[in-house]
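These notes concern the structure reproduced below.
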Amino acid sequence: MKIPHRMWVLPTLLCVSLLAAVVGFAQSSEQEDGVKPRGEPFKPQRDTTPTPPEPEGDATRNIPGFPKEAEVCAECHDLQGEGRPGLAPRIAGLPVDYFRQQVHGFQAGKRKNTTMHALSEEVTDEVLDKIATYFSSRPLPKITPILRGTQAVISDPVEKLAYQGDWSREIPACVTCHGASGIGVGNIPPLAGQHAVYLKAQLQDWKKGGRTTDQDQVMQKIASQLSDEEIEALANYFNQLGKPGGQ
Amino acid sequence: MRLIQFALLAAVLGLTLTACDRGESGKRASDQPGTELPDRQEAIPSPDADSGLPKIQPRPFTEIPDSAFGEKIKRGYQLFVNSQELRGKYVGNALNCVNCHMDAGRRADAAPLWAAYFAYPAYRKKNDKVNSFAERIQGCFTYSANGAPPPADSAEMIALSAYAYWLAMGGLMNHFGIDGAVPEVSDEDLITGAKREDFPLPDAIATALPVEQRDKLPGRGYPKLEKPARDFSPDNGKEVFAKHCMACHGPDGQGYEAAGIYNLPPLWGKDSYNWGAGMHRVNTAAAFIHANMPLGKGIQLTPQQAWDVAAYINAQERPQDPRLADFDGDVQRLKERYHQHPGFYGQKIDGKILGENAYPDFQQMHKRN
């Protein structure tokens, strides 16, 4: 394995952390004796991101509008921001303000992810604007969204949560805010087609209090009402909705 | 500011004016049968939760029967949640009934349909007129949806009434331990509402709920919000808006749209509720916002914040009060007649009289084309 030379933004500490992650990936016990970055105790996560795969060659980077500062991001999130399940989420088509807020969130420790925390610290707001604008403009697979209110009787409990919520637990339907079929709207991120592992991890983070980027704890309150089984099922449900031609 | 005036007025009125719409069958109504502006409504009370009257929960939708009657119920649900299906016909703005009546009209304390169904027909002493359930719904079409009221005998009205009836009856039958499907009733019965002696009801329910009690089901309307400690102020509300509302409703209050639906709905401007709608009154909006906003995280603003932000969103221009035509376009005369409540219609804000630059109401929109 080799750390790609293009990751010039990466601070040494990240390389170290990635190495540590790779070396000790299988044996989580070995991760405990990590290096201390910037005086903070280094706590690699159990599911620390694996090594980014080799880039596919420079030619592909000549896509119009691709800012060179985004190269480091593309190592994990890919050139078009599709991401790879287990490595990094899809960041294509995210609302631009939401994108910025999340990177600020990583910087401020409102989201707990060692890799993204370290990376985000190197990104100035000016650079972030460019990167966010680029990835946000990347297209998402076309799907045919189903509007809320299309169907009254829904027997599948997951689809029911997504389309009608469960107000006895004060859970509004997911699509009320995330838009029809969860395609995203305004400053609210799309769920359709996002990697299931990632969706699940975020809902779990909220449930456990690890993610606090949401204004007024809107998502935290919802996630805290969901069972682990429901989280798993919702993650798979929205992932499936985003398959090209899916609905 | 003239807010002190409002506060005084609010105090005098005891903040009791809570009806959704304030229509009065106007002069111009007669020339267009079926489009008559709905009658002025009595205030919608927030009934005592401890009155001993049943607190009901509608049945799950999976119990909607597979029958022609069941189809009407489902259609009512669809129209209530996706009212944009009726855009241009009966709906003139970007709103859906569900935007203000949470959980598809099922949630207690968010003006639920089941409580409303048993509150009509409502008798109004003042003009000796009785409002049917259909007329009440017509009110929300005319003002909240800035549209044209669907005729009482239209398929849409029958569907919405069937849905409301089914929600109410299923909940009551469960409460009183009555098994079996909700009995079917005729279309004529459906559109009038259940607050009358001759409405077909199982005996147990008819006895437990005498007619004069039927409009008092706990959970009806929006819970009354205590008066603010200091006068409500749009200026202070602006800050509340930026901090707690803007992320979803947009910096300009115009909401956001996905797949052609403003699922994050506009709070003012041409696509929001008009100057005759209940939500334009500061007290009604404050109660709604305090209980329901941010969505899913209600009851976290202080009452003061809720009043202030309600004032802020309602001190912005929106579609015209459709009754203005009856006053020859005189905003001040209309204001005197119909806007004696906490609100900003006809008031000067930032150098402009609200109402004088209003966006077109449904009639005006259609005259233009």
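The values are calculated or read from the model by the stated rules, or taken from the named source; none is laboratory data. Everything numeric in this text was worked out from a predicted model, so none of it was measured. As a convention, Cβ positions derive from the backbone with ideal geometry for all residues, glycine included, and neighbour counts pool all protein chains shown.
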Select from the stretch B:297-334 the residues that are at pLDDT below 95 and of a type in the set (G, A, S) and write down the one among them that is surrounded by the fewest Cβ atoms within 10 Å (Cβ to Cβ). B:G329
What are the pairs with Cβ atoms under 8 angstrom where one residue, in the stretch A:202-217, is within 14 Å of another protein chain (Cβ to nearest Cβ) and assigned to a helix (DSSP H, G or I) and the other, located anywhere, is buried (at least 19 other Cβ atoms within 10 Å of the Cβ) and at pLDDT below 95? Sequence gap at least six, or different chains. A:D216/B:K297; A:Q217/B:K297
Please verify whether the stretch A:103-115 includes one or more residues that are closer than 30 Å to B:N99 by Cβ, touching a residue at least 60 places away in the same chain (Cβ under 8 Å) and either at the interface with another protein chain (Cβ under 9 Å from one of its Cβ atoms) or in a helix (DSSP H, G or I) (or both). yes
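The rows are residues; the columns are (1) closer than 20 Å to B:Q254 by Cβ; (2) of a type in the set (S, T, N, Q).
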residue	(1), (2)
B:L324	no, no
B:F327	no, no
B:Q332	no, yes
B:Y338	no, no
B:P342	no, no
B:K348	no, no
B:I353	no, no
B:Y359	yes, no
B:K367	no, no
From the residues in the stretch A:148-167 that are part of a loop (DSSP other than H, G, I, E, B) and either touching a strand residue (DSSP E or B) at 6+ places or on another chain (Cβ under 6 Å) or more than 9 Å from chain B (Cβ to nearest Cβ) (or both), which one is surrounded by the fewest Cβ atoms within 10 Å (Cβ to Cβ)? A:D156
Those helices (runs of 4 or more DSSP H) completely within the stretch B:255-362 that have 3 or more residues that are of a type in the set (S, T, N, Q) are B:282-292
In the set B:A242, B:A247, the lone residue that is in a helix (DSSP H, G or I), buried (at least 20 other Cβ atoms within 10 Å of the Cβ) and of a type outside the set (V, I, T) is B:A247
Just name the residue that is farthest from the other protein chains (Cβ to nearest Cβ) out of those in the stretch A:168-183 that are in contact with a Leu (Cβ under 9 Å, 6 or more places away or on another chain) and assigned to a loop (DSSP other than H, G, I, E, B). A:A173
Selection within the stretch A:218-237 - surrounded by 17 or more Cβ atoms within 10 Å (Cβ to Cβ) and away from chain B (no Cβ under 14 Å): A:E230, A:I231, A:E232, A:A233, A:L234, A:A235, A:Y237
